[in-house]
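Notes follow the structure.
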Amino acid sequence: MSFFGKALASIGVGSAKVDTRLEKATYRQGDIIRGEVFVQGGQAPQLIEDIYLYLVMQYQHEGSEHEYVIDEFRLTDAFEIGVRETQVLPFQFQLPYDAPVSTGGSPIYVKTGLDIKMAVDPSDTDGIEILPHPLVDTVLHAVEEVGFRLSSVTFAFDKFYSRHPFVQEYRLAPLGPYQAELDEIILVFYPHMSEVDVILSLDRKAVDLMSSMEEALNLDERIIRFTVTQKEVEHTTTQLQAKIKQLIDQHL
């Protein structure tokens with residue numbers, strides 16, 4: 001290979017390329033992501049120092065767009081890719097249980113990055129959809145059966161503990177008798193392998209002078225914490241529905 005060809009490769013012209021192919025595009029929190037990374041050699045042999053997979057999310061906050069790396073995974077040690085050579089590297093990694101779920105306007109994707117010494121680093125992105133952990137779905141269904149309807153999933157910053165810059169709040173509007181006493185309820189989930197910790201926030205309506213003053217001072221919120229295990233909802237959610245209703249009624 002000529003010096004000119006090597007020089008072009010060093011600035012990205014005729015350099016190695018990367019293409020990541022995922023097994024599927026939709027996952028749940030805690031699922032295993034599997035796929036293959038195809039590395040295609042360019043016009044000159046090149047040393048691939050590292051290959052990293054990044055789980056990335058984009059979101060809006062205070063009028064600007066942020067790119068946030070949820071997690072990263074090192075795929076391989078250094079190796080050389082020859083001229084026009086193709087190497088296929090299979091991989092798998094587990095989605096974190098606390099990975100954010102996909103919402104409108106906040107794409108999540110797997111980004112593959114090649115670290116090539118003395119050259120422009122090629123990359124590839126593959127969008128994925130992340131659905132809630134099965135226990136999160138179970139709790140949401142139980143809350144809806146009690147008398148609420150999911151209205152939105154939003155981001156909250158510096159409100160509850162999270163290793164991320166935000167938590168996701170599931171907002172539910174009251175139906176039936178709860179409409180007279182609540183503006184909404186908010187759920188924040190912390191999923192694990194076989195259980196989920198839940199923070200349930202009640203936003204009470206202003207129905208008299210005292211509650212009006214509480215609302216004006218942002219004191220009308222009541223916080224409830226509880227845990228739901230896989231075992232207790234293995235066959236039915238009837239007991240969970242009763243538990244949630246009792247907790248809500250106690251704090252009205």
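The values are calculated or read from the model by the stated rules, or taken from the named source; none is laboratory data. Owing to the predicted nature of the structure, the values given are computational and were not obtained by experimental measurement. Neighbour counts are summed over all protein chains in view; Cβ atoms, including those assigned to glycine, are modelled from backbone coordinates with ideal geometry. Just so you know, the surface numbers come from the protein's heavy atoms only, side chains and all, with ligands and any DNA or RNA stripped out. Shrake-Rupley method; radii C 1.70, N 1.55, O 1.52, S 1.80 Å.
Looking only at residues that are surrounded by 15 or more Cβ atoms within 10 Å (Cβ to Cβ) and over 29 Å from the mean Cα position of the chain (by Cα) in the stretch 205-222, which one is modelled with the highest pLDDT? Top of the filtered list is Lys205. State whether one or more residues within the stretch 27-34 are surrounded by 14 or more Cβ atoms within 10 Å (Cβ to Cβ), modelled with pLDDT of 95 or more, among the polar types (S, T, N, Q) and not in a strand (DSSP E or B). Within the stretch 27-34, one or more residues are surrounded by 14 or more Cβ atoms within 10 Å (Cβ to Cβ), modelled with pLDDT of 95 or more, among the polar types (S, T, N, Q) and not in a strand (DSSP E or B). The conditions of being open to solvent by 70 Å² or more (accessible area, probe 1.4 Å) and either in contact with a Cys (Cβ under 9 Å, 6 or more places away or on another chain) or at pLDDT 95 or above (or both) are not met by Gln60. Determine whether the stretch 54-74 contains at least one residue that is part of a loop (DSSP other than H, G, I, E, B), over 23 Å from His192 (Cα atoms) and touching a residue at least 12 places away in the same chain (Cβ under 8 Å). No, every residue in the stretch 54-74 fails to be part of a loop (DSSP other than H, G, I, E, B), over 23 Å from His192 (Cα atoms) and touching a residue at least 12 places away in the same chain (Cβ under 8 Å). Restrict the check to the stretch 128-138 and report whether at least one residue is modelled with pLDDT under 95 and either open to solvent by 70 Å² or more (accessible area, probe 1.4 Å) or under 14 Å from the mean Cα position of the chain (by Cα) (or both). Within the stretch 128-138, not a single residue is modelled with pLDDT under 95 and either open to solvent by 70 Å² or more (accessible area, probe 1.4 Å) or under 14 Å from the mean Cα position of the chain (by Cα) (or both). Filtering the stretch 94-104 for residues that are in a strand (DSSP E or B), β-branched (Val, Ile, Thr) and either crowded, with 18+ Cβ neighbours inside 10 Å or under 29 Å from the mean Cα position of the chain (by Cα) (or both) leaves a non-empty set.
When Val83 is tested against (1) touching a Gly at 6+ places or on another chain (Cβ under 7 Å); (2) at pLDDT 95 or above; (3) among the β-branched types (Val, Ile, Thr), only condition (2) is not met. For the stretch 165-197, filtering for residues that are open to solvent by 50 Å² or more (accessible area, probe 1.4 Å) and touching a helix residue (DSSP H, G or I) at 6+ places or on another chain (Cβ under 8 Å) leaves 4.
Only one entry of Ala242, Ala142, Ala173 meets the criterion of being within 24 Å of the chain's Cα centre (by Cα), modelled with pLDDT of 95 or more and farther than 22 Å from Arg28 by Cβ, and that entry is Ala173.
State the number of residues belonging to the stretch 75-92 that are open to solvent by 50 Å² or more (accessible area, probe 1.4 Å) and either within 14 Å of Ser106 (Cα to Cα) or assigned to a strand (DSSP E or B) (or both). Final tally of qualifying residues: 5. Within the stretch 61-93, the set of residues being among the β-branched types (Val, Ile, Thr) and more than 12 Å from the chain's Cα centre (by Cα) comprises Thr76, Ile81, Val83, Thr86, Val88.
Which numbered condition in (1) in contact with a Lys or Arg (Cβ under 6 Å, 6 or more places away or on another chain); (2) among the aliphatic types (A, V, I, L, M); (3) part of a strand (DSSP E or B) is the only one that Ile48 fails? Failing condition for Ile48: (1). Of all the residues in the stretch 158-196, those that are more than 24 Å from Leu55 (Cβ to Cβ), of a type in the set (Asp, Glu) and in contact (Cβ under 8 Å) with a residue 24 or more places away in the chain number 2.
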